[in-house]
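Below: one structure, written as structure tokens.
Computed from the coordinates by the stated procedures, all read-outs in this text should not be read as laboratory data. Bear in mind the structure is a predicted one, so any value in this text is a computation, not a measurement. Note: ideal-geometry Cβ built from the backbone for every residue, glycine included; neighbour counts use all protein chains shown.
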Amino acid sequence: MKNLFCVLALASLLSSCSSDDKLTVGANTITANDFESLVGWVGDQPTLTKTRAHSGKYALVVDKDHEFSLTFDAVLGQVSPRKLKKVHLEAWAFRPSGNARGVLGIQIVDPAENNKAVGGDGINIADEVKDFNKWVKISKDMTLPDNLVYTQHIRLFLWRGDSSDPVYIDDINFTVAD
């Protein structure tokens with residue numbers, strides 16, 4: 001009877017786990033990160049926070065003292081064997097108030113031209129997250145410029161913009177869209 005109770009308790013616990021909460025890594029993954037590891041991410045370490053997290057212990061934050069978060073930076077030719085035309089970005093965002101805005105953005109830069117921006121897009125968090133003090137899943141498909149070359153870099157970051165309150169991001173999944 002004791003074993004049956006343990007099995008039922010475990011089954012109940014597992015059934016309450018949502019598949020939406022899990023990061024998936026597949027052939028089209030550029031990066032997937034819950035910020036428990038920082039492989040591929042560079043920049044200002046104080047933007048990694050334990051204050052709030054959707055999963056695990058860590059998330060990214062931008063606030064009045066940090067304009068940009070840690071940044072994922074990769075050479076396009078190492079991200080995909082084929083030319084990128086479209087990418088899909090999804091993450092979990094947290095806004096403590098209406099004064100918390102920001103953008104989860106991508107940027108393509110050309111190192112041969114002093115890292116000149118040649119493309120970019122992003123998710124305006126205030127437009128997507130209407131509920132405060134709650135983690136909300138955000139996502140967007142983004143079409144990339146036709147003139148990209150394999151030596152350019154793709155960057156992914158959280159930008160504070162005109163936000164006066166902190167903005168949090170966790171569980172990013174950035175993939176090549178078909």
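Scattering from region 74-135 was approximated by placing one identical point on each alpha carbon and applying the Debye formula without solvent; log10 I(q)/I(0) at 0.19 1/Å stands at -0.81.
For the pair Thr29 and Tyr150, the difference between a 0.36 nm per residue extended length and the Cα-Cα distance amounts to 41.9 nm. For the cross-link pairs Lys57/Lys140; Lys64/Lys130; Lys50/Lys140; Lys57/Lys116; Lys116/Lys137, the ones whose C-alpha atoms lie over 28 Å apart are Lys57/Lys116; Lys116/Lys137. Label positions at Asp73 and Ser97, each projected 7 Å from the Cα along the C-beta direction, are separated by 3.4 nm. Each principal axis of the Cα atoms in region 2-176 has its own extent, and those three values, largest first, are 67, 39, 27 angstrom. Shape summary of region 118-178, radius of gyration then Dmax from alpha carbon positions: 13.9, 41 Å. Placing unit charges on the Cβ atoms only, positive for Lys and Arg and negative for Asp and Glu, gives region 2-176 a dipole magnitude near 400 debye about its Cα centre. Simple spin-label estimate for Ser37 and Lys83 gives 3.3 nm between the two label positions (7 Å along the Cα-to-Cβ direction from each Cα).
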